[in-house]
Every structure is written in structure tokens, then in C-alpha cells.
Ligand code: GLA
């Protein structure tokens with residue numbers, strides 16, 4: 001949480017988002033291998049615009065430009081980093097054999113940065129953060145002051161950048177709009193800011209054609225990157241990638257699917273698009289007029305303004321009230337990374353689901369999955385229209401083994417987490433499809449009782465979880481978090497608290513198993529076995 005909190009405090013995770021990279025721990029090898037002669041400080045003089053780089057997900061259209069403006073006096077360099085509408089003065093610039101090191105100051109004053117000139121001084125490779133908070137690399141291009149001024153003039157401008165009056169807390173009164181954990185697809189993990197109208201339509205089509213809609217995946221959510229500018233009346237319009245939002249929503253609805261959209265209680269989203277701060281009612285009305293069915297509301301830059309639990313609750317409540325006032329049934333998905341025991345107040349602000357941690361897609365993917373075994377939110381808070389959200393799925397995105405994908409899906413299922421796919425459905429392999437379309441597994445996630453399963457025994461790196469289901473049966477998952485295969489045994493009537501069943505299913509295989517006083521199997525490394533005991 002420390003990492004997320006510190007990065008979140010300035011929205012630095014969004015720097016990674018902007019350029020479509022994952023943030024590795026530790027300093028980049030490029031920094032370590034740089035030339036041994038320090039580059040002159042004066043070579044940093046000028047304006048630098050942060051630009052997209054490398055991955056398709058890095059296309060920034062419609063966001064707020066980020067830039068450095070630097071000037072040297074021969075001995076040191078001063079200037080500022082303009083980030084999402086905020087300005088961070090630069091201090092303590094030093095030239096080192098491996099580039100430059102400096103600090104960002106301002107609120108919150110914490111950020112260490114490194115930089116190195118590349119391509120003959122035309123680019124600046126920048127690393128934000130340090131070994132403690134994590135390092136995110138990004139790229140800036142040398143521009144003329146006139147060029148920067150033009151980009152900034154044409155860009156969206158956040159308003160309401162300071163604290164606004166907060167309402168007294170009350171109970172918004174949540175409607176049962178999500179009786180089982182929401183299932184669907186979200187654009188972030190695969191498209192990031194590159195998401196556009198055509199991509200979303202294609203995903204809706206694929207949900208239908210692959211049968212996934214009929215397996216339960218109903219919400220198509222457009223995450224960050226759709227927003228454009230507010231007009232003179234304050235109404236927010238989509239950017240050029242979404243020429244007809246109402247038309248897009250109608251297209252998705254016509255296919256028997258629902259539509260989700262994304263915003264922030266801060267003035268700016270995590271990736272530098274316009275947020276809803278001070279425009280909650282107006283934005284809720286816009287979403288309702290388009291026909292939106294779900295809002296993911298992401299804390300992001302609100303952390304630059306608000307600090308306390310009460311402030312956070314009030315900010316989420318504002319939008320909860322605004323959504324209720326529209327009269328439209330809109331599922332409200334809170335995204336504040338599990339801070340302040342959100343499950344204990346999520347329903348009061350009108351929320352139906354809430355994230356329990358940071359982004360799974362950042363950093364080492366197996367580590368991100370493994371982390372969720374111990375950070376699943378409080379199971380006691382879970383139930384119909386009150387879901388602990390373990391974050392979007394990584395299934396079908398490179399980086400995990402088939403066993404790890406199965407473990408990931410099994411854990412989310414046992415935890416009654418929303419299952420929101422994050423992969424490109426156009427290029428989904430038969431193996432990925434088989435994994436995410438397994439109806440017996442989905443039935444356990446979607447069980448109407450809405451109980452979040454719990455770990456009932458643990459032995460080193462192996463653990464057993466159980467989840468009671470509406471028909472009186474129990475789902476039993478055997479997990480091996482270790483790096484080698486492990487023999488595991490479930491003794492019926494023993495510590496796992498499940499009596500010897502009359503019938504036993506291997507749920508992933510869809511096969512009945514013989515019933516004996518105990519069940520023993522070998523679970524692969526990072527693997528999972530899912531049983532249903534009747
Ligand atoms: C945060 C959220 C992600 C995604 C991005 C978009 O990092 O946790 O799920 O919505 O913002 O900028």
C-alpha cells in the first residue's frame with residue numbers, strides 16, 4: 001500500500017499509464033550503463049514535452065500535456081514539471097556520471113527523479129520515483145517554447161483544482177443493482193489511452209460472437225481516455241476518438257450488453273483527462289443521457305486535494321447522490337485502491353463494488369495475483385451489491401502461465417470478485433476463451449448467496465479456501481502459491497469445515513470424482529484445483 005499511496009499522491013502511477021509501460025522495481029539498466037562523463041547541466045535548458053512512446057497503449061489524445069520547463073545559470077538548473085494541471089518546482093539538480101538527479105517539490109513534496117539526454121539531446125529519458133516507491137520511466141521531447149505554448153493552449157484545462165465545500169455524510173441508500181458480482185470487459189488493461197469507438201464496438205461484437213455475453217459478461221466499460229473538454233456551460237464532451245457517445249452506447253445496448261464509463265472525483269483522472277470535481281451532477285446527467293449503466297470512479301488527483309477518510313467519503317457520496325438523482329439505474333464502482341477500509345462505508349455512499357488494492361497490471365503479474373491472496377478486502381463486507389473488487393482480469397494478457405491464469409480466475413471466483421476481462425477479445429486464443437467461459441466456474445463466482453470465500457487452512461505455500469453456495473453445496477479451492485508442485489489433501493469433516501460430500505466435482509475439468517474420506521491431489525506450482533462438494 002505504501003507504494004500505491006505514495007505514487008497515488010501525485011498520480012505518478014499515471015505517468016506509467018501515459019506512456020504505457022509497467023514500472024519495474026529498481027533503477028533502469030539504461031541509467032546504470034550511461035556514459036561516465038557527466039552531461040553539462042546547460043544541456044537541459046529549454047522546454048520538454050512528455051510524449052507517447054513505444055506501446056500502442058501509449059497514444060495520448062485529449063489528455064492534459066505534461067512538460068518540463070528548465071533553465072540553467074551555469075551552476076544549477078531550476079524550473080518546473082507541469083503535470084495534470086499542477087506545477088511542481090524542481091530542486092537540487094545535480095549532474096552525475098549516469099545522468100541527472102533532481103527532486104520535485106510542492107504538494108506533496110516527495111518525488112525523486114532521474115533523467116538522461118538521448119538522441120543527441122533531442123529527447124530526455126526520465127525516471128520518476130526511486131527504489132523504495134518504484135520507478136516509472138517516460139520520455140520527453142525537446143520542443144520550442146512556442147510549440148509548448150500551442151499544445152497547452154489547445155489542451156483541456158482542469159478547473160476546480162482546490163478544495164470545495166463538502167456535504168455532511170449521510171446514507172445514499174444503495175439500490176440492489178448488482179445482486180451478483182458484475183461481469184464484463186474493460187478497456188484499460190489492453191488499450192489504455194488508445195481506446196476508441198471502433199475498439200469498443202469490436203469488443204461488444206466479440207462478446208456476443210464468442211458466447212461470452214451469454215456466459216454472463218454484460219458490462220462493456222470505457223475506462224480512462226474518452227474525455228475531451230468542457231464547453232462554456234461546463235458540460236463534458238468526449239474527445240475525437242469518440243465522435244458519437246450516444247450512438248456508441250446505443251450500439252452496445254442493441255447487442256444486449258450494458259455500458260460502463262470512467263471518471264474521477266478529482267479535477268483530473270490518473271492519466272491526465274478531465275475529471276468530475278465540482279461537476280458531479282452535471283456529469284452524472286450526461287452519463288444518464290447517454291444511457292450509461294455503470295460508473296467507475298477513480299480517486300486519482302483527488303489525493304492532491306483531499307486527505308482524510310471523511311473527505312474521501314464525502315467526495316464519493318457527492319457522485320453517489322448525483323447518480324441517484326438522475327433516476328437511471330447506474331452501478332457505482334469505487335476505485336480508491338482499498339483505502340480507509342472502504343468496504344465498511346462503500347454502500348453508504350451508494351457504491352456497489354470497490355477495489356481492494358492497486359492495479360494488477362502494473363509490475364510483476366504473478367506477484368500482483370499472489371498479493372491478492374492476502375489482500376482481498378474484508379469478506380464480512382461482501383454480499384449482493386457490495387463486492388470487494390480484486391481488479392480487472394489479466395487472463396489472456398501475456399505474462400502469466402496457463403496455470404497462473406487458472407489460479408487467478410479461481411481466486412477471483414472464490415473471492416466473489418467482479419470478473420471484468422481486460423484482454424483483447426479479437427485475438428483471444430481458444431485456451432483463454434475456454435478458461436473465461438467455463439460456466440461451472442462462473443456459477444461459483446455468480447452464486448446468488450453472494451458469500452465471499454475464505455481461506456480455511458494454510459500449510460507453507462499451500463492453502464485451502466471454501467465458499468458456501470446457495471444450493472447447500474460448497475466450493476473448495478486448493479491453491480499452491482509455491483514454486484514447486486505440491487501434494488495437497490482435503491480431509492472431509494476436518495479443519496476445512498466441510499462434511500464428506502455425497503458427490504464431488506472437479507469444476508475446471510467438469511468431471512465427477514470418486515468420494516472418499518479425503519481427497520488428495522498434486523497441485524502444480526502457482527496452480528489451483530477447484531472442487532464443488534455436494
Ligand atoms: C488507475 C486505475 C486503473 C485505471 C487507470 C486509468 O490506475 O486503478 O484501473 O482506471 O487509473 O488511468
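Laboratory data are not the source of any read-out in this text; all were calculated from the coordinates shown. Everything quoted here is computed from the prediction, not taken from an experiment. Note that we place each Cβ from the backbone using ideal geometry, even for glycine, and neighbour counts take in every protein chain shown.
Just check region 330-433 against the gyration tensor rule for me: Cα atoms, a ≥ b ≥ c as the square roots of the eigenvalues, rounded for a/c under 1.5, and otherwise prolate or oblate depending on whether a/b exceeds b/c.
On the way: a/c = 2.14, a/b = 1.75, b/c = 1.22.
Because a/c hits 1.5 or more and a/b exceeds b/c, region 330-433 counts as prolate.
Between residue 310 and residue 205, how high is the FRET efficiency from 1/(1 + (r/R0)^6) when r is the Cβ-Cβ distance and R₀ = 51 Å? Nearest 0.05.
Result of the calculation: an efficiency of 0.70.
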(request) Specify, per residue and in Å³, the volume enclosed by the convex hull of the alpha carbon atoms belonging to region 265-335. (result) 76
(message) Give me the mean projected area, in nm² to one decimal, of the convex hull enclosing the Cα positions of region 83-189.
(response) 12.6
(message) Test of understanding: what is the full-extension gain from residue 107 to residue 214, defined as 0.36 nm times their sequence separation minus their Cα-Cα distance?
(response) 33.7 nm
(message) Taking the number of other C-beta atoms within 10 Å as the exposure measure, put 235, 507 in order starting with the fewest.
(response) 235, 507
(request) For region 344-501, just say rounded, prolate or oblate: build the C-alpha gyration tensor, square-root its eigenvalues into a ≥ b ≥ c, call rounded for a/c under 1.5, and beyond that prolate if a/b exceeds b/c, oblate if not. (result) rounded
(request) Describe numerically, in nm with one decimal, the distance between label points set 7 Å from Cα along Cα→Cβ at residue 282 and at residue 169. (result) 2.9
(message) Given R₀ = 45 Å, what would the calculated FRET efficiency be for residue 371 paired with residue 146, taking r from the Cβ atoms and rounding to 0.05?
(response) 0.45
(request) Taking the Cβ of each residue in 70, 236 as the centre, tally the other Cβ atoms inside 10 Å and list the residues starting with the fewest. (result) 236, 70
(request) Report the Stokes-Einstein translational diffusion coefficient (µm² s⁻¹, integer) for the chain, Rh taken as the Kirkwood radius over Cα pairs, at 37 °C with viscosity 0.692 mPa s. (result) 135
(request) First measure r as the distance between the Cβ atoms of residue 176 and residue 253, then evaluate 1/(1 + (r/R0)^6) with R0 = 22 Å and state the FRET efficiency to the nearest 0.05. (result) 0.55
(message) What does the C-alpha gyration tensor say about the overall shape of region 454-533? Classify as rounded when a/c is under 1.5, otherwise prolate if a/b is larger than b/c, or oblate.
(response) prolate
(request) Quote to one decimal, in nm, the extra length available between residue 119 and residue 440 on full extension: 0.36 nm per residue of separation minus the C-alpha distance between them. (result) 110.1 nm
(request) Sort 370, 45, 223, 389 so that the residue with the fewest other Cβ atoms within 10 Å of its own Cβ comes first and the one with the most comes last. (result) 45, 370, 223, 389
(request) As a check on your grasp of the helix formula, calculate [θ] at 222 nm for the chain: sum -39500 (n - 2.57) over DSSP H runs of n ≥ 4, divide by the residue count, round to the nearest 500. (result) -6500 deg cm²/dmol
